[in-house]
Amino acid sequence: MNQKRIHLIDGMRGLSLFGILLANLLIFQYGMWGKEELELTGINQGAYFFTKVFIEGSFMPIFTFLFGYSMIKMAEGLRQRDLKVKRYFARRFLLLAVIGWAHGTFLWEGDILLFYGLMGFFLLLFVNRKTKTILVWAILLTVLTTSFMLIGAGFSGKSAPEEEFMASPAYIEKTNDVYANGTYSEIKHHRNNTDPFENMPDALVLVMLVLAPIATAPLFLFGMYAARINFFSNPVQEKKQYRLGTVLLVPIGIAMKAIFELATSTGWTDFLIGAGAPLLAVGYIFAFAWLYTKFNESVAMRAFESVGKLSLTNYMMQTVICTTVFYGYGLGLFGKLGTAGGLLLGLGVFVLQCTASFFYLKRFHRGPLEFILRMWTNFSWNGKVKKKKAKRKRETEAHAL
């Protein structure tokens, strides 16, 4: 990878973290399930609509795509050093899952790192496959997932009652009270010992657990495929493709999500949000790459890149900052700031992260959590990959000659 390509991917990762923060602010402010039961007016209603259409569900898929992309690039680097690819990935994904478990247990219920760590083990099935095989599986799983959604929309005609899939009003009310006024111990106990779906059939829970990795796998695989064909390696030469993807996918994705928010809920509107969110995500990927060809030296792009290089640390810091602002053991602003105020707070937090990341990288090469992950992955105190003894021996013999 050349330097521009690395910068572009880092910038995309920073962009995804910005969107993830803005979407997560609904959860930080109103709870995982309470955010769906809000009664808003005026500017807060507008901010809520903006978040639901333009942001929620369309930035996490960018991170998903980049996870697969980076996985292939890391594998290529390990192969160049004649190292065992799956062994290194297994260690990396194990620690990522542990960090995710700790994050979800001790800080916040919206963690995604545990899922990514576990999903990484599934992706090991593809890391050594041919490029064409990865593409075929990505397409097949996309068709399969889309077919499931279409069948569900066609048979249901009307979406199932929300109470069957959402937490009960009593749970939401209890959560609001605990998060707004509780101590750290009370909030942690409520998060880890209260089941919002205690009446949900076990069979339905099992189906959801099985379908979750299948539904998300395509974007992981498309990211792996993009890395294999070195897409994004020459932004200037690929500019026309970026522009085409932007013009086609961004309007379609926004329209599909807007219809879901504005129309009466049916099986077909559920399909629109299920398909529209990832389509918009891919559109955002193309849009950012297109803008990168025009403004790659701008302050904004440098800011996104700085945050992206410290993605794990910045993701965790978003949780620390926002839970401190909203939860009872901090400033206690849970449910009080409003959706518009939440967007402004998110912008402020991200600007702070951009600034801190930029100056941090002037002195250090990696973030603290990134360094710990590399130490564990590479089994070395300095975080660097160890050369195999056989390779070192060959290099020594070559120098001797």
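The values are calculated or read from the model by the stated rules, or taken from the named source; none is laboratory data. This is a predicted model, so every value here is computed, not measured. Virtual Cβ from ideal backbone geometry, glycine too; neighbours counted across all protein chains shown. Only protein heavy atoms, including side chains, enter the accessible area calculation; ligands, DNA and RNA are left aside. Shrake-Rupley method; radii C 1.70, N 1.55, O 1.52, S 1.80 Å.
Taking the condition open to solvent by 10 Å² or more (accessible area, probe 1.4 Å) and either outside any helix (DSSP H, G or I) or not small (Gly, Ala, Ser) (or both), does Gly328 pass?
When the stated conditions are applied, Gly328 passes them.
Condition check ((1) at pLDDT 95 or above; (2) open to solvent by 20 Å² or more (accessible area, probe 1.4 Å); (3) assigned to a helix (DSSP H, G or I)) across all residues:
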{"residue": "Val307", "(1), (2), (3)": "yes, no, yes"}
{"residue": "Met316", "(1), (2), (3)": "yes, yes, yes"}
{"residue": "Gln353", "(1), (2), (3)": "yes, no, yes"}
{"residue": "Phe358", "(1), (2), (3)": "yes, yes, yes"}
{"residue": "Leu369", "(1), (2), (3)": "yes, yes, yes"}
{"residue": "Met375", "(1), (2), (3)": "no, yes, yes"}
{"residue": "Trp381", "(1), (2), (3)": "no, yes, no"}
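Return the residue satisfying two criteria in turn: it lies in segment 168-192 and is touching an Asp or Glu at 6+ places or on another chain (Cβ under 8 Å) and crowded, with 16+ Cβ neighbours inside 10 Å, and of such residues it is farthest from Trp108 (Cα to Cα).
Ile172
Taking interchain pairs and intrachain pairs at least six residues apart, which have beta carbon atoms under 6 angstrom, with the first residue in segment 115-134 and touching a residue at least 40 places away in the same chain (Cβ under 8 Å) and of a type outside the set (Ser, Thr, Tyr) and the second open to solvent by less than 70 Å² (accessible area, probe 1.4 Å) and in a loop (DSSP other than H, G, I, E, B)?
Correct list of pairs: Ile134/Phe126.
Scan segment 331-348 and tell me whether some residue there is modelled with pLDDT under 95, assigned to a helix (DSSP H, G or I) and exposed (fewer than 15 other Cβ atoms within 10 Å of the Cβ).
Among the residues of segment 331-348, not one is modelled with pLDDT under 95, assigned to a helix (DSSP H, G or I) and exposed (fewer than 15 other Cβ atoms within 10 Å of the Cβ), which makes the answer no.
Considering Leu244, Leu280, which residue is modelled with pLDDT of 95 or more and open to solvent by 40 Å² or more (accessible area, probe 1.4 Å)?
It is Leu244.
For segment 1-39, enumerate the residues that are assigned to a loop (DSSP other than H, G, I, E, B) and open to solvent by 40 Å² or more (accessible area, probe 1.4 Å).
Met1, Asn2, Met32, Trp33, Leu38, Glu39
Condition (residue is under 28 Å from Tyr292 (Cβ atoms) and surrounded by fewer than 17 Cβ atoms within 10 Å (Cβ to Cβ)) applied to segment 85-99: is it met by at least one residue?
no
Those residues that are among the aromatic types (Phe, Trp, Tyr) and in contact (Cβ under 8 Å) with a residue 24 or more places away in the chain, I need them from segment 86-114; list them, please.
Passing the criteria: Tyr88, Phe89, Phe93, Phe106, Trp108.
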